[in-house]
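Inspection log for the structure reproduced underneath, given as structure tokens.
Nothing in this text is a laboratory measurement; each read-out follows from the coordinates by a stated rule. In this text, all values refer to a predicted model and were calculated from it rather than measured experimentally. Here the Cβ is made from the backbone with ideal geometry for all residues, glycine too, and neighbour counts use every protein chain on show.
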Number of protein chains: 2
Amino acid sequence: MARVVVDVMLKPEILDPQGRAIVGAFGRLGVHGVADVRQGKRFEITLDGEPTDEVLADLHRMAEELLSNPVIESYALRVEQ
Amino acid sequence: MARVVVDVMLKPEILDPQGRAIVGAFGRLGVHGVADVRQGKRFEITLDGEPTDEVLADLHRMAEELLSNPVIESYALRVEQ
């Protein structure tokens with residue numbers, strides 16, 4: 001069984017208030033040296049079988065249409081063995 | 001500037017209703033061959049400087065105390081160049 005990981009992050013030009021809140025919390029908790037934090041989503045997809053071209057094409061479509069909002073987010077998809 | 005990535009996922013024994021909903025949606029949208037989906041969080045942390053031992057120790061502490069709930073989640077932290 002193969003595993004596919006899809007990371008979904010806000011596009012760089014989109015403000016990330018959650019990330020800014022985390023930077024602020026780091027500072028209050030005494031953690032310094034952090035310039036920026038961006039928060040996104042991670043999906044771990046376990047396949048029944050091998051990651052064929054057809055399955056990966058389907059998952060790219062799902063990553064774009066279901067798992068992310070392409071107006072404000074971009075995704076990265078990779079197969080992990 | 002270095003970048004640290006923290007992935008936070010539900011522990012394997014914790015049910016993931018979001019992931020199950022995605023598996024169901026995949027099936028309705030004609031995507032087959034997916035056994036399971038788990039949804040988690042991804043944090044991209046940009047440092048001001050180098051990832052010193054002190055900074056990484058701080059970030060491990062933050063990953064455990066602030067970015068994850070250790071009762072139900074586990075995290076993985078890695079430095080990306």
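Computed quantities for the displayed model
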{"item": "With eigenvalues of the C-alpha gyration tensor scaled by 5 and rooted, chain B, Å", "result": "32, 15, 8"}
{"item": "Ascending list, in nanometres, of distances separating the A:Asn69 label from those of the other copies (7 Å, Cα toward Cβ)", "result": "2.3"}
{"item": "Among A:Ala25, A:Ala63, A:Ala35: highest mean-square fluctuation, GNM of chain A, C-alpha pairs under 10 Å", "result": "A:Ala35"}
{"item": "Calculated over the protein assembly as shown: convex hull of Cα atoms, volume per residue (Å³)", "result": "120"}
{"item": "Loop GluC sites (Glu not before Pro), segment A:1-55 (other Cβ atoms within 10 Å of the site Cβ: 12 or fewer; DSSP)", "result": "A:Glu13"}
{"item": "Using a 7 Å Cα-to-Cβ projection, A:Ala21 label spacings across copies, nm, ascending", "result": "1.9"}
{"item": "Alpha-carbon centroid distance for the pair segment A:13-29 / segment B:1-42, whole angstrom", "result": "24"}
{"item": "Helix axis angle, B:53-62 relative to chain B longest principal axis, alpha carbon, degrees", "result": "40"}
{"item": "Helix A:17-28 axis, angle to chain A major axis (alpha carbon atoms, nearest 10°)", "result": "50"}
{"item": "Axis-nearest residue of A (beta carbon) for the A-onto-B rotation, whole Å", "result": "A:Arg42, 2"}
{"item": "Nearby lysines by direct alpha-carbon distance to A:Lys11 (threshold 20 angstrom, same-chain neighbours under 8 apart not counted)", "result": "A:Lys41, B:Lys41"}
{"item": "Within 10 Å of each Cβ in A:44-50, the average number of Cβ atoms from other chains", "result": "6"}
{"item": "Relative contact order %, chain A, counting alpha carbon pairs below 8 Å whose residues are six or more apart", "result": "54"}
{"item": "Shortest-first distances to equivalent copies, position B:Thr52, nm, label 7 Å out along Cβ", "result": "5.4"}
